[in-house]
Amino acid sequence: VTLVEKLYPEFAPNLSTARSPQAMNSALIKSYFAKKIGRKPEDIVVVSIMPCTAKKHEAKRKELSMNGLQDTDFVLTTRELGKLLRLKRVNMASLPPEEYDHPLGLSTGAGAIFGATGGVMEAAARTAYEITTGKKLDNVVLNDLRGFGKPGMAKEMTVELLTKEKKPINVKLAVVHGIGNARVLMEKIKKGEANYHFIEI
């Protein structure tokens with residue numbers, strides 16, 4: 001979002017109004033989950049563990065707060081968490097395995113992949129396909145969109161959906177990982193060298 005705001009403001013109207021997985025989760029914790037466990041939002045501290053340093057800036061955005069209370073209180077990168085574990089001499093390999101908590105209940109398969117690179121796009125593509133066609137995707141895992149692409153390249157895929165009038169339309173999707181790759185893609189779009197209906201960065 002910040003990249004578009006600062007360098008490509010002409011594309012700001014095209015940004016999704018949906019929050020990032022971090023922002024969605026933090027807001028849910030301080031609203032729905034707080035009520036569920038009988039706590040005040042101000043008594044809950046949300047610490048987010050993320051691979052991207054940009055999440056630290058995101059957590060401070062004014063629109064990601066309610067009544068002066070930030071949704072995400074602290075963000076540690078996965079590297080910082082690793083250093084903290086080593087500093088405290090926590091041997092992860094010696095810890096017994098256990099089930100993940102499910103404080104908000106079980107999630108769908110699309111919900112489970114939401115935080116992975118390409119996961120938002122895949123979840124959206126699955127949902128859009130099923131809503132517009134009334135069918136489930138045969139290939140549930142959209143491998144063309146998942147994971148990291150080559151440096152400077154977007155991972156691309158075209159999915160056939162139906163319009164409101166039930167006419168087929170090919171929707172071109174792209175996923176890029178990292179700000180450097182995002183800038184390369186945005187420059188191509190700006191020059192008219194690339195065109196997509198939906199991009200995940």
If N is the residue count of the range 19-59, its Cα Rg over 2.2 N^0.38 Å rounds to 1.23
In the structure shown, of K155/K190; K30/K56; K35/K83, the pairs separated by more than 22 angstrom at the C-alpha atoms are K35/K83
Projected onto the charge dipole of the range 1-92 (unit charges on the beta-carbon of Lys, Arg, Asp and Glu, signs +1, +1, -1, -1), the Cα from P21, Y8, V47 with the largest positive-side position is that of V47
Between the Cα axis of helix 78-87 and the main Cα principal axis of the chain, the angle (0 to 90°, nearest 10) is 20
Connecting every pair of Cα atoms under 10 Å apart in the chain and solving the GNM, the largest mean-square fluctuation among H177, H57, H102 falls on H102
Summing -39500 (n - 2.57) over every DSSP H run of at least 4 residues in the chain and dividing by its residue count gives a helix-only mean residue ellipticity at 222 nm, to the nearest 500 deg cm²/dmol, of -8500 deg cm²/dmol
Of all DSSP beta bridges with both partners in the chain, the antiparallel percent, nearest 5, is 60
Expressed in angstrom, Rg and Dmax over the Cα atoms of the range 1-96 are 16.3, 52
Between the Cα axis of helix 119-133 and the main Cα principal axis of the chain, the angle (0 to 90°, nearest 10) is 50
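Coordinate-derived values only; no laboratory data. Note that the coordinates shown come from a computational prediction; the quantities given were computed from them, not determined experimentally. As a convention, Cβ positions derive from the backbone with ideal geometry for all residues, glycine included, and neighbour counts pool all protein chains shown.
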